[in-house]
Amino acid sequence: MKRQEPTLDKLHMLDERGSRHYIYPAEVSGRYSNLRPWVFALLIAVYVSLPWITVGGHPAVFLDISARRFFLFGRVFNAQDLYLAFFILTGIGFSLILLAALFGRVWCGWACPQTVFLEGVFRRIERWIEGPASKREAMARGPMTMEKFLRKSAKHLIYAIIAYVLAHLFLAYFVSADQLLRMIKEGPANHSSTFLWGVVMTVILYWNFFWFREQLCLIICPYGRLQSVMQDPDTVVIGYDRKRGEPRGKAHQQGLGDCVDCRRCVAVCPTGIDIRNGLQMECIGCAGCIDACDEIMVKLGRNKGLIRYDSERALQGGQKRFRRPRLYLYLALGLLGLTVSTTLFVRHTAFESNLLHARGASYVIDGDLVRNQLVVHLINKNPSATVLTIKNQSAAPLDLIIPQPSISLESLGSIEVPVIASIPRAAFKPGLRVSLEVTDSASKTSRRIDAALTGPNHSP
Ligand code: SF4
Ligand code: SF4
């Protein structure tokens with residue numbers, strides 16, 4: 001069957017009837033294609049190892065949603081700290097927008113998990129089992145033979161196993177690696193909901209990486225759809241130098257541009273587009289076409305870079321322009337989010353303590369004394385259990401009764417400790433404050449908390 005020629009008025013992955021046009025990208029090597037597997041390996045190593053690395057006795061990243069607590073690199077957060085997520089997401093979001101404004105879809109081509117696992121794992125296995133693109137395409141279109149059956153079966157079996165492993169690694173971020181291993185040992189019957197999540201994730205990952213593939217980038221991913229808004233003519237993208245390449249034609253013909261119309265750049269494209277038609281939404285910035293074209297140019301003894309990283313303005317012969325007002329705006333917003341979230345993260349306290357008036361009457365008169373009933377609200381935000389000690393630091397003649405001056409608390413455990421403050425009625429005056437010092441044994445830090453006393457003719 002003849003391969004359909006891409007046109008500019010529809011998605012290249014669809015044929016005339018709107019059916020999926022399956023793409024078999026050819027193999028390519030070159031400086032970018034050789035560097036990408038190393039980047040992918042590094043990112044996969046980070047993804048795989050994070051739930052297994054422990055910091056302060058807990059996984060480096062553990063999002064314990066069921067208990068509403070989140071362990072991040074030795075710090076523990078609870079639902080009250082969710083405002084931190086807003087600043088983290090704002091910082092990351094605007095950093096990605098800045099990256100897109102500067103370098104187009106460099107994230108998509110080099111660091112997006114979809115690309116990392118598709119190109120770094122699944123496509124490599126496919127090439128290893130089914131051979132190069134031409135062989136894969138011929139096999140897919142040919143009749144079922146024993147060889148085809150065996151190769152396809154082996155590929156799908158390995159895909160399913162890897163999808164299963166990836167799904168469980170993903171689950172480890174939410175149930176912790178130790179718990180996950182225990183659950184696997186105890187069997188699905190004892191952990192049916194986690195098992196069901198594992199199955200659903202396995203099926204989704206398997207289906208995505210064996211069939212859906214580039215459609216995720218083109219149809220579902222919002223970052224890909226927003227590229228045209230974030231980029232401008234000065235954004236560095238992967239582009240074809242039309243001035244140098246056109247008119248295209250055979251290498252031996254005189255008076256033509258450098259493009260010899262070999263279509264190698266199209267053959268290697270994982271989304272099946274022809275970059276010579278200009279910047280297109282389907283381009284994920286993988287740089288395969290740069291390496292493919294450079295290979296041809298080297299063979300012909302011509303300069304590399306007919307397809308290259310450059311701005312649209314420069315590709316059209318204009319002056320490169322790096323600084324643009326919008327970059328400063330993205331940079332400022334990205335830095336704001338990252339700075340605030342980093343500051344909050346670094347200054348995150350090991351425990352929370354608040355001194356409040358107890359519910360009910362704000363004070364009682366007991367003979368010659370004015371009494372205030374208060375409560376100390378404590379939350380242990382250490383990743384481990386701790387002992388919190390409460391000490392009176394109030395000035396005489398204020399007398400305090402603290403029935404529980406020393407409290408053991410589990411990580412993220414909380415408690416309300418009653419405190420009774422008494423002062424002779426004659427000594428009471430507005431502005432007097434109860435002052436306490438709370439010391440945390442785990443972090444070896446202390447904090448002072450205080451509250452105003454209330455009494456006759458004076459309410460808080
Ligand atoms: S690989 Fe280079 S020379 Fe070949 S068609 Fe593409 S742009 Fe032209
Ligand atoms: S056009 Fe080039 S950079 Fe874009 S997806 Fe295709 S091969 Fe990758």
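The values are calculated or read from the model by the stated rules, or taken from the named source; none is laboratory data. This structure is a prediction, so every number in the text was calculated from the model and none was measured. Cβ placement follows ideal geometry from the backbone for every residue including glycine, while neighbour counts extend to all protein chains displayed.
Being in contact with a His (Cβ under 8 Å, 6 or more places away or on another chain) and surrounded by 13 or more Cβ atoms within 10 Å (Cβ to Cβ) holds for only one residue in Leu400, Leu374, Leu453, and it is Leu374.
The set of residues from the range 130-156 being surrounded by 14 or more Cβ atoms within 10 Å (Cβ to Cβ), charged (D, E, K, R) and not assigned by TED's automatic domain parsing to the domain that holds Pro25 comprises Lys148, Arg151, Lys152, Lys155.
Counting only helices (runs of 4 or more DSSP H) that fall entirely inside the range 18-131 and contain at least 2 residues that are among the aromatic types (Phe, Trp, Tyr) and in contact (Cβ under 8 Å) with a residue 24 or more places away in the chain, the qualifying elements are 31-49, 83-103, 106-110.
Any residue that is within 28 Å of Phe94 (Cβ to Cβ) and of a type in the set (Asp, Glu) - is there at least one of those in the range 239-255? Among the residues of the range 239-255, not one is within 28 Å of Phe94 (Cβ to Cβ) and of a type in the set (Asp, Glu), which makes the answer no.
Residues checked against (1) under 24 Å from the mean Cα position of the chain (by Cα); (2) in the same structural domain as Ile23 (by TED's automatic domain parsing):
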position: Ile158; (1), (2): no, no
position: Val165; (1), (2): yes, no
position: Phe170; (1), (2): yes, no
position: Arg182; (1), (2): no, no
position: Lys185; (1), (2): no, no
position: Pro188; (1), (2): no, no
position: Val199; (1), (2): yes, no
position: Tyr223; (1), (2): yes, yes
position: Asp232; (1), (2): no, yes
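Residue under question is Ala332, and the condition is that it be over 30 Å from Leu409 (Cβ atoms), within 16 Å of ligand 2 (Cβ to nearest atom) and of a type outside the set (Asp, Glu); does it hold? No. Within the range 184-200, if we keep just the residues that are aliphatic (A, V, I, L, M) and either in contact with a Phe, Trp or Tyr (Cβ under 6 Å, 6 or more places away or on another chain) or farther than 24 Å from Arg20 by Cβ (or both), the residue that is surrounded by the most Cβ atoms within 10 Å (Cβ to Cβ) turns out to be Ile184. Evaluation of Leu333 against the conditions (1) over 30 Å from Gln114 (Cβ atoms); (2) at pLDDT below 95 shows that the sole unmet condition is (1). Scanning the range 304-338 for residues that are out of contact with any helix residue (DSSP H, G or I) (no Cβ under 8 Å at 6 or more places or on another chain) and part of a helix (DSSP H, G or I) returns Glu312, Arg313, Ala314, Pro325, Tyr328, Leu329, Ala332.
Which residue out of Leu216, Leu181 is closer than 28 Å to Arg264 by Cα and surrounded by fewer than 18 Cβ atoms within 10 Å (Cβ to Cβ)? Can you show your working first?
Working: Leu181 fails: closer than 28 Å to Arg264 by Cα.
None of the others qualify; the one that does is Leu216.
The criterion of at least 1 residues that are more than 16 Å from ligand 1 (Cβ to nearest atom) is met by the following helices (runs of 4 or more DSSP H) wholly inside the range 200-290: 222-225, 227-230. Given the structure, is Ala426 out of contact with any strand residue (DSSP E or B) (no Cβ under 7 Å at 6 or more places or on another chain), under 21 Å from Ser362 (Cα atoms), in a loop (DSSP other than H, G, I, E, B) and hydrophobic (A, V, I, L, M, F, W, C)? So Ala426 fails the test. Checked against (1) closer than 30 Å to Asn277 by Cβ; (2) surrounded by 16 or more Cβ atoms within 10 Å (Cβ to Cβ), Leu333 meets all criteria but (1).
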